[in-house]
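The values are calculated or read from the model by the stated rules, or taken from the named source; none is laboratory data. Keep in mind it's a predicted model, so treat the numbers as computed, not measured. Methodologically, a virtual Cβ is constructed for each residue, glycine included, from the backbone with ideal geometry; neighbour enumeration extends over all protein chains shown. In case anyone asks, the SASA skips ligands and DNA or RNA and just uses the protein heavy atoms, side chains included. Shrake-Rupley method; radii C 1.70, N 1.55, O 1.52, S 1.80 Å.
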2 protein chains.
Amino acid sequence: MAKEKRVLLKDVADAVGVSTTLVSIVLNGKAKQYRIADEMVEKVIKAAMEMNYSPNLIARNLRGGKTQLIGLIVTDISNPFYSAIARIVENRANELGYTVVFSSSDEDLDNTKRLIDVLMNKGVDGLIVVPCDGSEDLIKSIHENNTPLVLIDRNFPETDISFSCLNNFRATELTTRHLIEQGYENIALVGYKTGMNHILDRIRGYEETMQAAGLGKYIQVKKVNLMNTKVEMNNVLDVLVNRRKVEAVIFLTNMLAVTGLYCLKDMQVRIPEDIAMVGFNRNDVFNLYPSTITHIRQPLELIATQAVNILVDKINHSELEIKSMSFSEPQLIVGASTPKKE
Amino acid sequence: MAKEKRVLLKDVADAVGVSTTLVSIVLNGKAKQYRIADEMVEKVIKAAMEMNYSPNLIARNLRGGKTQLIGLIVTDISNPFYSAIARIVENRANELGYTVVFSSSDEDLDNTKRLIDVLMNKGVDGLIVVPCDGSEDLIKSIHENNTPLVLIDRNFPETDISFSCLNNFRATELTTRHLIEQGYENIALVGYKTGMNHILDRIRGYEETMQAAGLGKYIQVKKVNLMNTKVEMNNVLDVLVNRRKVEAVIFLTNMLAVTGLYCLKDMQVRIPEDIAMVGFNRNDVFNLYPSTITHIRQPLELIATQAVNILVDKINHSELEIKSMSFSEPQLIVGASTPKKE
DNA sequence: GTATTTAGCTAAAACGATAAAGCAAAAATA
DNA sequence: TATTTTTGCTTTATCGTTTTAGCTAAATAC
């Protein structure tokens, strides 16, 4: 019932009959360096174990140490793509002795700014961030302030900020080449409105592959607005399907692909009879759809693990200012939504 | 490049030419109580604003024993159900000035124990926990230690630990009644092996409703093991579909429903022609499946918001030991998977 | 005119840890 | 034997706040 009083360094010190400093030294493994007697080291460790002592991290951090806390800012933790990343980040961080604090920016610059402020105030040792559109200056200022920082999923190529993300160009290159090999020519692409590099790279991968295959005249890049996706997607697909007589559509994110599926269902457009399609990232829908959906698989495990590795490395060697760049290779999972054309 | 020095209380105090105490008092809104002159209050506030002062939470926390950190332990943050909850917890916590630290227990007791230890070490002010099977004693000991604690999604009815969860009995009562009204009689249920109350309540809801409708002889409760779901589900569905000639199946969780869909697809069993089914929680799959799937919707927003409210209330009134119980009402979303029997 | 109250502020302690500097006793060296 | 070095530990300062107790001068009471 009564709140058990936490065991403090002082309690251990009193129990052994020494100073708190000595206990601190021993428990931090600096006994050798401070030439503490071996028997004393044993006694202290034994007492600390028996009393179940664990340091107050707040006090330790105030003193100038570290919190062993990592801040993770994604756009939306309820988005399965980011929650999958969060899970891996959590696992890897735990392995390395860190705990993860998370926040969702909702793709909003002001939110991102506020969240970074809050997290830094909590004393996080470093940040893993999915940067939103327009956040380059903000992120740069954080980086220049020497806060350990790693971008994930998206990056700013013009800066020297470390990142771990997909080789986005390769993703659509693979996809487009697959469709061309299957015999499609009139291939369109649906992305969303943003200046962020990951989407631009995916668009480039499509455009350059189309161009190289001599299909330049078919290049069609449609961009919907993230705020009003459903309605805009309807319009876009109406144009592509009914007016442009497109043979195949590539969706640039999971959410776009799923929204696309909803719209196509409403329009009673059949896949792949009426149109072929390619999605992005894993989703049960892709496997359970009457014809399974061809999609790009990101090596999430690798991307997220690398992000943590890079960050912890930065935390431990804050004096070094190295830009670590990790591009992970995409994989194309071929389903029934992109059959060979006769 | 150089790390900007943070503005401290002392900096503001020096700028105004007063003590740090005075600045602290003013900025914490206790000027009246300490009879600080009105002009002085103005001067201090102005200076603090201009210098863009914000308090070091770590120092404040060390002094006050509070971190404004909430720990959230779910079974798996990458499970869309829990990440949706996490998102709402995050939002509500932010509104109340808290930040969320999360961890995944993987339904494992030792993990749960370890995670709680770590989070309490980080100094979280309170915990929101999805308890796993067998964790009752552990959770009780945390509660008895006066750590503010709220269970979410699942609860221990025999204890006086607060919780926020679905009215699970009502969920399957609604579902079963709906199926019966649609003309089904041979209705089976698929859950998983656990002693946890939420699943047991769902099973009771089904059993009692069947019994009350005079369909007791059709009651069939199948339990799969969480470790080997796919294989066991195959066996279970084989028995139900081929041997028992079941007319409808109720799946007790989202994961079970989706796994069920995979198996039924493999078995080439059509929904609803060959069998009717009901799922649990929202999932794009349910809407995009050729025949939309009838399912139970949990008011996640309410459940998660309530959990945070209850927790913060406990944090702020730790002297009171009230058991808060929040049961939220389920909603049945009727799809094409449970048509009226002719 | 002295004693008491009140207004308006500050000094110092505390939170719990760590790091730097210091100090006494034992051991090694001259 | 006197001096230096080493050993093994302690004392003190510090991180940035908040809180408690206190202090001075002006206002009020007697």
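The table for this structure:
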item	result
Summed buried accessible area for A+B [probe radius 1.4 Å, Å², rounded to 100]	4700 Å²
Assigned charges on the beta-carbon of Lys, Arg, Asp, Glu; the protein assembly as shown dipole about Cα centre (debye)	300 debye
Amide H contacts under 5 Å for B:Leu166, placed H, 5+ residues apart	B:Asp153, B:Ser328
For region B:250-342, diffusion coefficient by Stokes-Einstein and Kirkwood Rh (Cα), 25 °C, 0.890 mPa s, µm²/s	160 µm²/s
Shielding by partners, peptide B:252-263 (average Cβ within 10 angstrom, other chains)	1
Dipole axis of chain A (+1 Lys, Arg; -1 Asp, Glu on Cβ), positive-most option in A:Tyr289, A:Gly134, A:Asn94	A:Asn94
Cα centre as origin, Lys/Arg/Asp/Glu Cβ charges: region A:237-342 dipole, Debye	360 debye
Region A:259-280-region B:125-193 distance, computed between alpha-carbon centres (Å)	38 Å
J(HN,Hα) series, region A:178-193, from Karplus relation 6.51 cos²θ - 1.76 cosθ + 1.60, nearest Hz, glycine and proline x	4, 4, 5, 4, 6, x, 7, 10, 7, 10, 10, 10, 10, x, 10, 6
Rg [Å, one decimal], Dmax [Å, integer] - chain B, C-alpha atoms	26.1, 87
Signed unit charges on C-beta, dipole axis of chain B, positive-most listed residue B:Asn167, B:Gly195, B:Gly205	B:Asn167
Lysines with Cα under 25 Å of B:Lys193, excluding same-chain neighbours fewer than 8 positions away	B:Lys113, B:Lys140, B:Lys217, B:Lys222, B:Lys223, B:Lys230, B:Lys245, B:Lys265
Environment charge at B:Ile25 (Cβ cut-off 12 Å; Lys +1, Arg +1, Asp -1, Glu -1)	+3
Value of relative contact order over chain A, rounded to a whole percent, pairs C-alpha under 8 Å and six or more apart	16 percent
Other protein chain Cβ atoms within 10 Å, averaged over every residue that makes up B:76-87	6
Closest-to-axis residue of chain B (Cβ criterion, axis taking B to A), whole Å	B:Ser83, 2
Cα-centred dipole magnitude for region A:50-102, charges only on beta-carbon of K, R (+1) and D, E (-1), debye, nearest 20	200 debye
Loop-located GluC sites (Glu not before Pro) in region B:118-213, at most 13 other Cβ atoms within 10 Å (DSSP)	B:Glu158
1.4 Å probe accessible area per residue over region B:168-297, in Å²	39 Å²
Cα gyration tensor shape of the protein assembly as shown, rounded if a/c is under 1.5, else prolate or oblate by comparing a/b with b/c	oblate
Distant-in-sequence amide H partners of B:Val224 (H built 1.01 Å from N, under 5 Å)	B:Gly191, B:Tyr192, B:Lys193
For region B:201-252: rounded, prolate or oblate by the Cα gyration tensor [a/c cutoff 1.5]	oblate
For region B:301-309, 3J(HN,Hα) per residue [Karplus equation, 6.51 cos²θ - 1.76 cosθ + 1.60, θ = phi - 60°, Hz, x = Gly/Pro]	3, 5, 4, 6, 4, 4, 4, 5, 4
Placed amide H near A:Phe102: partners under 5 Å, 5+ positions off or other chain	A:Leu72, B:Val100, B:Phe102
Shielding by partners - mean other protein chain Cβ count within 10 Å, residues of A:90-103	4
Per DSSP, loop trypsin sites (Lys or Arg not before Pro) in region A:36-124 with at most 16 further Cβ within 10 Å	A:Arg63, A:Lys66
Cα shape, region A:168-298, gyration tensor, a/c 1.5 rule	rounded
